[in-house]
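K.L.:
Have a look at this one before I ask anything.
The values are calculated or read from the model by the stated rules, or taken from the named source; none is laboratory data. For clarity, every value in this text was computed on a predicted model and none was experimentally measured. So basically every Cβ, Gly included, is an ideal-geometry build from the backbone, and we count neighbours across all protein chains shown.
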Protein chains: 2
Amino acid sequence: MDVVVGIDIGGTKTKIGLVNKQGQVLEQTYFRTRHYPILEEYLDQIDTTIDILIRQCVTPVELLGIGIGAPNASSKNGTIEHASNLVWKGIVPIVEILQQRRALPTKLMNDASVAALGELLFGNAQNMTDFIVVTLGTGFGSGIVANGKLIDGYDGFAGELGHLDITLGDGRLTGQGVSGGLEAYVSATGLKRTVMYMLAYHMDDSRFRSIAYTDLHGEEITQAADEGDLIAIKAFDYTAKILGTALANFVAFTQPQAFILMGGLADSQKWLVEPARKYMEASLLPFYKGKVQLLSSGLKKSEAAICGAASLIWQDYGVMEV
Amino acid sequence: MDVVVGIDIGGTKTKIGLVNKQGQVLEQTYFRTRHYPILEEYLDQIDTTIDILIRQCVTPVELLGIGIGAPNASSKNGTIEHASNLVWKGIVPIVEILQQRRALPTKLMNDASVAALGELLFGNAQNMTDFIVVTLGTGFGSGIVANGKLIDGYDGFAGELGHLDITLGDGRLTGQGVSGGLEAYVSATGLKRTVMYMLAYHMDDSRFRSIAYTDLHGEEITQAADEGDLIAIKAFDYTAKILGTALANFVAFTQPQAFILMGGLADSQKWLVEPARKYMEASLLPFYKGKVQLLSSGLKKSEAAICGAASLIWQDYGVMEV
């Protein structure tokens, strides 16, 4: 059976799986990225893992290629460049090295763009030509599809919407040192920062007055909002308003038919997604109103990243019919 | 000889011309849009004008189709919808009507998108796959090309970057009632508004203290800046900063190789374009720096709109080689 290797390189885990033409993950596993600070050893570990997965398969498989999702990836250069979450510094030519080792078609792309491809081929965007995936995790990632194709940009760095400056250069700093970057507001980290801001701004009683910033977790903020904690409720409202305004801005750019929101923060339908929808509609120009859907991912959480990475190869095999 | 009719529908003038495969405008003329408040009579005038242009041609011509650029145009519906600058109200199905009259392929698109197509086929973007045209006239228009194709959006309204909210919902109102819309700052009108703002904010002596808002014109502000008028200089700097920040934001979206700036305001290289370039570079993420060009249009000013409109038809004839 023909399969594609899907690899998701994250700061904590590297997930690897074998994906068939229907987008099903046949076998998968992971290892700790940080255990392999030497690039060569990391690549050895990837090789070994692929071989193990192949042997685990019940039916014999033929590898068609390797698709990789990673942060700070340049799809055109096949490199990971200056990724602050990863252990290897500088520019890592991962596609070139893996291709030398296995002589298989190998492709790399930004993790959020890969998520968008996964939705296009196997998820909730199978019949769409224009949509945007937004990943709300520790950061704010995005993958943009227009005219049925992922937008790559001049040298493969398009779709960094988390770094849009939403405050005319006068706002919170992001990890990249960008002032007013959207990600500094709308992400798990951004929500924590907003809880701090609300503690400073308001005098409401709150459980968060006795919890330090570093001990604060996203799920706890949701739970506090459910229990009526005013600081948590105000923090979510502030976040949802910025998200909704940002989504309305994105509509004026590529006019997507839908946003697919994923990542931990997007689980908060009641406190984040629904209010963001209202703020978005309120900000949309007349001819955009009522036309944009906010959707969840159509893929299993445990498989989405691997399946998306494999889509980089499967898209060349006519899986897509746009 | 094969030619395409290019029509540019503006609030003041309707320009019509015949364009050959090399993008040359063989014949052209215009009439006053406002003289024809009844749609049928306006379309009659278009018909008559086309016939006159054909008769003026030295060699016999064959019409391949009609391309139209207009404000508030939906390319997918072939309609002009609620254009505040035009005399006809509501939804105007102009493509359907013209096609019934002449049985020729007829296409319509947003005027700034059409300008982008013109640059792609015949202007300064002939070898580019990713660029953005920004028109800085009375308003702020934009046409986005990514992966070698114009971005249309879900129902043809993509690329309304002038309506991006750049102030988190807390800024100047645009003509569309959008709060904080980029166009309210970066356009000929925006610059005039900024002169008023600077007169309020600063106490510098200025020629503009004795000129009323309605008597103020863009060229005069450039002239005043040249002569050292501090209010004019501060107004340009304020505008250039917002333009530069906005362009940097656009880069994080589709990562264009170039912006092509056109329209009256873009003539101000010294006071607007050059400072905007500096502000843009300062705002760009590290992996975008030094890669984005700011260009002028590659088409003659008197022909650009007609040539762009005709590109809507010529693009189907393999003029483009991307």
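K.L.:
Suppose we filter the stretch A:218-256 for residues that are away from chain B (no Cβ under 11 Å), more than 18 Å from A:A184 (Cβ to Cβ) and either crowded, with 24+ Cβ neighbours inside 10 Å or touching a helix residue (DSSP H, G or I) at 6+ places or on another chain (Cβ under 9 Å) (or both); how many remain?
P.N.:
Number of matching residues: 13.
K.L.:
Moving on. For residues in the stretch A:110-164 being closer than 23 Å to B:L164 by Cβ and among the polar types (S, T, N, Q), which is surrounded by the most Cβ atoms within 10 Å (Cβ to Cβ)?
P.N.:
A:S142
K.L.:
Out of A:F287, A:F259, which single residue is at pLDDT below 90 and either surrounded by 20 or more Cβ atoms within 10 Å (Cβ to Cβ) or not in a loop (DSSP other than H, G, I, E, B) (or both)?
P.N.:
Only one candidate qualifies: A:F287.
K.L.:
Among the residues of the stretch A:65-85, is there at least one that is over 30 Å from A:F259 (Cβ atoms) and either in the same structural domain as A:K13 (by TED's automatic domain parsing) or touching a residue at least 12 places away in the same chain (Cβ under 8 Å) (or both)?
P.N.:
Within the stretch A:65-85, not a single residue is over 30 Å from A:F259 (Cβ atoms) and either in the same structural domain as A:K13 (by TED's automatic domain parsing) or touching a residue at least 12 places away in the same chain (Cβ under 8 Å) (or both).
K.L.:
Let me spell it out: the conditions are (1) more than 10 Å from chain B (Cβ to nearest Cβ); (2) buried (at least 23 other Cβ atoms within 10 Å of the Cβ), and A:G90 meets all of them except one. Which number is the exception?
P.N.:
(2)
K.L.:
Same structure, new question: Hey, does the stretch A:18-33 have a residue that's under 19 Å from A:W88 (Cα atoms), part of a helix (DSSP H, G or I) and assigned by TED's automatic domain parsing to the domain that holds A:P105?
P.N.:
Within the stretch A:18-33 (the criterion being under 19 Å from A:W88 (Cα atoms), part of a helix (DSSP H, G or I) and assigned by TED's automatic domain parsing to the domain that holds A:P105), the answer is yes, since at least one residue qualifies.
K.L.:
Restricting to the stretch A:131-151, count the residues that are assigned to a loop (DSSP other than H, G, I, E, B) and at the interface with chain B (Cβ under 7 Å from one of its Cβ atoms).
P.N.:
2
Yes/no matrix, rows are residues, columns are (1) more than 10 Å from every other protein chain (Cβ to nearest Cβ); (2) at negative phi; (3) in contact (Cβ under 8 Å) with a residue 40 or more places away in the chain:
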site: A:F122; (1), (2), (3): yes, yes, yes
site: A:A125; (1), (2), (3): yes, yes, yes
site: A:T129; (1), (2), (3): no, yes, yes
site: A:F157; (1), (2), (3): no, yes, yes
site: A:G162; (1), (2), (3): no, yes, no
site: A:G171; (1), (2), (3): no, yes, no
site: A:G175; (1), (2), (3): yes, yes, yes
site: A:S179; (1), (2), (3): no, yes, no
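K.L.:
In addition: Suppose we keep only residues that are out of contact with any strand residue (DSSP E or B) (no Cβ under 9 Å at 6 or more places or on another chain) and within 14 Å of chain B (Cβ to nearest Cβ) within the stretch A:34-85. Which one would you say is nearest to A:L150 (Cα to Cα)?
P.N.:
So, considering only residues that are out of contact with any strand residue (DSSP E or B) (no Cβ under 9 Å at 6 or more places or on another chain) and within 14 Å of chain B (Cβ to nearest Cβ), the one nearest to A:L150 (Cα to Cα) is A:K76.
K.L.:
Moving to a separate point now. Which residue out of B:I7, B:I50 is out of contact with any helix residue (DSSP H, G or I) (no Cβ under 6 Å at 6 or more places or on another chain) and at pLDDT 95 or above?
P.N.:
Criteria check complete, one pass: B:I50.
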